[in-house]
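Worksheet for the structure shown next.
The values are calculated or read from the model by the stated rules, or taken from the named source; none is laboratory data. As the structure is a prediction and not an experimental result, all values here were calculated from the model. So basically every Cβ, Gly included, is an ideal-geometry build from the backbone, and we count neighbours across all protein chains shown. Side chains included, ligands, DNA and RNA excluded: accessible areas come from the protein's heavy atoms. Shrake-Rupley method; radii C 1.70, N 1.55, O 1.52, S 1.80 Å.
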There are 4 protein chains.
Amino acid sequence: MNNLSVSAEIAAFVAERDWAQFHSPENLAKSIAIEAGELLECFQWNADANDARVREELADVLTYCLMLADRIGADPNQIILDKLAVTRQKYPVEKARGSSAKYDAL
Amino acid sequence: MNNLSVSAEIAAFVAERDWAQFHSPENLAKSIAIEAGELLECFQWNADANDARVREELADVLTYCLMLADRIGADPNQIILDKLAVTRQKYPVEKARGSSAKYDAL
Amino acid sequence: MNNLSVSAEIAAFVAERDWAQFHSPENLAKSIAIEAGELLECFQWNADANDARVREELADVLTYCLMLADRIGADPNQIILDKLAVTRQKYPVEKARGSSAKYDAL
Amino acid sequence: MNNLSVSAEIAAFVAERDWAQFHSPENLAKSIAIEAGELLECFQWNADANDARVREELADVLTYCLMLADRIGADPNQIILDKLAVTRQKYPVEKARGSSAKYDAL
């Protein structure tokens, strides 16, 4: 399966419900933050989360991310690769290896 | 391009830096919430966001989402489709059409 | 020191900059989520956070919370106590003692 | 009413339930982000939020903020004022007046 068919499924789901009217980039960015909070709630008091719940909440974050990508005309795979190229520069292997420090503290 | 090659690129990026040790599901869930906050910052005071910045921040959220999916052995496309099936039931077209109400208020 | 003088200081800070025009409840709710993400970033990869940075980020969350309380005409102390009364009912001591379970799983 | 009695009420609520064991700074930071997401949900699709719900969710964010302040030995009012002094420098009235731009773009 590739992203194309998933994005098409999501688009059909939205179109059937006439929900595009609510999906401004701003509202989708809020929705991503809201769902990210629900995903984090799986880990609120300890690291031991319910696997099924994590999958559902992660799916919600991903779904709103794909909706936002679609709304702003971005290819999700391409923006990931573009950003990865930037991050590779910011965190060169020889400096970043085995460290969780931020780039300005490497 | 499909997700497979993107996930492989991300995995290589992480392996080169020996960062898997930091990528517990809990830390990745925190990272998704942190990046979702940065994406939201693009829309903090108005709906008019800088397109390039939105793409970068959205890419960061997506990247951590794919890292978490990989870490828990979930296929990102599959969990999206699984959740979409659940949401279709919760929001039947005839009730949800044109409404932004929550399912328990439809 | 009591909240009154702090709220007055915040109000003066905002008035001097003519920033009330940006402080709709919605924008303040976004701002709280954004700053909560920055606070969380102090703990992104481990539990060992820089104390000075935690204080600054916590102050940012609190400041936007007080701005929102002011904007909607709520007394911050009163809404905390009101909610505490609700939570006491939801988590009775005899059931909740020593447990981090959610009320519907107690 | 001042913060002292509210903080004392919160501390009693926690002690009765023996919950201090769960309240590491990291877990409280996660909790603040989770509750900030629930507050944001009041404004997910439009600016028109239910006032009672906003008050409850704002109270939850504030409560966890006061718990974190208590846990790290910080006076909430003092850290707000300390940060306000920093922000006054970053956003001088003559440059920041009437602008929502970030300090590095003023």
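Details
- Checking the Cα-Cα distances for A:LYS90/B:LYS30; A:LYS30/D:LYS90; A:LYS30/B:LYS30; A:LYS90/D:LYS30 against a 25 Å cut-off, the pairs over it are A:LYS30/D:LYS90; A:LYS90/D:LYS30.
- Chain C packed on chain D takes about 5600 Å² of accessible surface away from a 1.4 Å probe, both sides summed.
- Gyration tensor (alpha-carbon) shape descriptor, the protein assembly as shown, a/c threshold 1.5: rounded
- If you run the Gaussian network model on chain A, springs between alpha carbon atoms under 10 Å, then out of A:ALA52, A:ALA12, A:ALA29 the most flexible one is A:ALA52.
- Residue-by-residue Karplus 3J(HN,Hα) for segment A:38-55, coefficients 6.51, -1.76, 1.60, Hz, glycine and proline x: 5, 5, 4, 4, 4, 10, 4, 10, 6, 7, 8, 9, 6, 4, 5, 5, 4, 4
- Shown for chain B is the translational diffusion coefficient from the Stokes-Einstein equation, using the Kirkwood radius over Cα pairs, a temperature of 20 °C and a viscosity of 1.002 mPa s: 132 µm²/s.
- Dipole moment magnitude, nearest 20 debye, segment D:1-73 about Cα centre, only Lys, Arg, Asp, Glu C-beta charged: 200
- Placing +1 on the Cβ of every Lys and Arg and -1 on the Cβ of every Asp and Glu, with nothing else charged, gives segment B:25-106 a dipole about its Cα centre of roughly 520 debye.
- Residue of chain B whose Cβ sits closest to the axis mapping B onto D, with distance in whole Å: B:ALA33, 3
- Local electrostatic count, A:GLY98, Cβ distance below 15 Å [Lys/Arg +1, Asp/Glu -1]: +1
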